Amino acid sequence: MARRKAPRIPDALLDQLLAGADPKTAFDANGLLDDLKKALAERALNAEMDHHLAGDEAGNSRNGYGRKTVTTETGRIELEIPRDRQASFDPQLIAKYQRRFPGFDDKIVSMYARGMSAREIVGHLRELYGIEVSPDLISAVTDAVLEEIAAWQARPLEPVYPLVFFDALRVKVRDEGIVRNKAVHIALGVRADGAKEILGLWLEQNEGAKFWLRVMNELRNRGVEDILLAVVDGLKGFPDAIRAVFPEAMVQTCVVHLLRHSLDFVSYKDRKPVAAALKMIYRAVDAQAGEAELGAFEDGLWGRRYPAIAQSWRRAWTEVVPFYAFHFDVRRILYTTNAIEALNAKLRRAVRARGHFPTDEAAMKLLFLVLNRSEKEWKMAPREWVMAKAQFAVIFGERFTRAMAA
């Protein structure tokens, strides 16, 4: 379908608007752009009043105008708000108690989502637009996101997800006068058509089997009946919690996390050759060949120098094996976890810009806004997903067919 073009403003009208004015001042505070905003807003408000009176009971009529000053992205403008005799008119464009022009709150939220604090936003608005707002106003605007988070976190989910990535990052939050490290856990689901969806966001100081079980039960209560393949970061007790709620789920340890954990034991100068040696394990043709490569690594130079690496792989081997069933192109989706890694990179940038958060709610607001912006950028499934669907259909049979039909 062809995209509908925005209506073009006739040149004659633009010439009329600019007649006798300096075009350079059109975008200044109280310039042509603000005059147009004022004129269009007042016209829309009067149209709303006409519609209101047409559907109202007999006896009601216009009763002059009231004045209201509203804040815009470029400054403040004064509007004449129509009134009716019965005081029953509640405009939709600018509500009775609204003091900010439509779109202004979105600008604040966008700046907050980019990691700016309330005071930084205040300074930014003052320097660029000459607008004086208080940090309390910024907090009030961004606090409105908390209701949206609650609704988002409780929304119904798909009955079946072929693939779900579970991952975590650390944030610093002030708690009872002390800055503590807390974990923010993210569930990224992939639907049968390859589209990605953030399933939830949880902030917790202490992780454990009980916490993971609560998360799994929450997903179940929101409508998830089956997860075909869950990719996790190797946290203790996590696979058992998943299987307790989704007993048929195949659990796969994220190879990226396993590699990072392995390289934690390695001196900086040895990291490249050790990483190359480990690649032979997860690039093996099948599980048997992979285990043989693990044995070869264990007996080789790097395995003898860093014995803890092979031990960590053997402890996680049950959750490493599943991805050997897939073709190399499909494995790329599983072991590089491009989607969750790219997402975490954006979250970490925003978190680093803030340092630490005054409350759990402040951390959740920022992370939710970053996730929300990221979801809007997702346009299509990865190119490997066509092959992945065919292999999921063979490995999981009717369970995947059900996901396709949902």
Once normalised by the length of the range 210-347, the mean sequence separation of its alpha carbon contacts under 8 Å that are 6 or more apart gives a contact order in percent of 23 percent
Taking 0.36 nm per residue of separation between residue 172 and residue 69 and subtracting their Cα-Cα distance, the length gained on full extension comes to 33.1 nm
In terms of the charge dipole of the range 155-405, which places +1 on Lys and Arg and -1 on Asp and Glu at the beta carbon, the residue among 350, 400, 388 farthest towards the positive end is 350
Counting only DSSP beta bridges with both residues in the range 174-323, what percent are antiparallel, rounded to the nearest 5? 70 percent
Non-local residues with an amide H under 5 Å from the amide H of residue 228, with H modelled 1.01 Å from N and Pro and chain starts lacking one, are 161, 163
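With 10 angstrom as the radius, rank 43, 76, 348 by how many other C-beta atoms surround their C-beta, starting from the fewest.
On the way: 43 10, 76 18, 348 14.
With the fewest neighbours first, 43, 76, 348 line up as 43, 348, 76.
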Relative exposure of 301, 53, judged by other C-beta atoms within 10 Å (fewest first): 301, 53
With just the Cα atoms defining each centre, how far is the range 214-247 from the range 316-383? Give it in Å. 17 Å
Going down the list 269/346; 346/379; 236/365; 172/346; 279/379; 210/236, which pairs span over 19 Å between their C-alpha atoms? 269/346; 236/365; 279/379
If amide H atoms are built 1.01 Å from N in the plane of the peptide, which residues on other chains or at least 5 residues away come under 5 Å of the amide H of residue 84? 63, 89
Rank the residues 281, 395 as a footprinting-exposure proxy: fewest other Cβ atoms within 10 Å of their Cβ go first. 395, 281
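In debye, nearest 20: dipole of the range 155-405 around its Cα centre with unit charges on the Cβ of K, R (+) and D, E (-)?
I would put it at about 960 debye.
Just so you know, all these numbers are worked out from the coordinates, no wet-lab data involved. Quantities reported herein were computed from a predicted structural model and do not represent experimental measurements. FYI the Cβ positions are ideal-geometry reconstructions off the backbone, even for glycines, and counts take in every protein chain you see.
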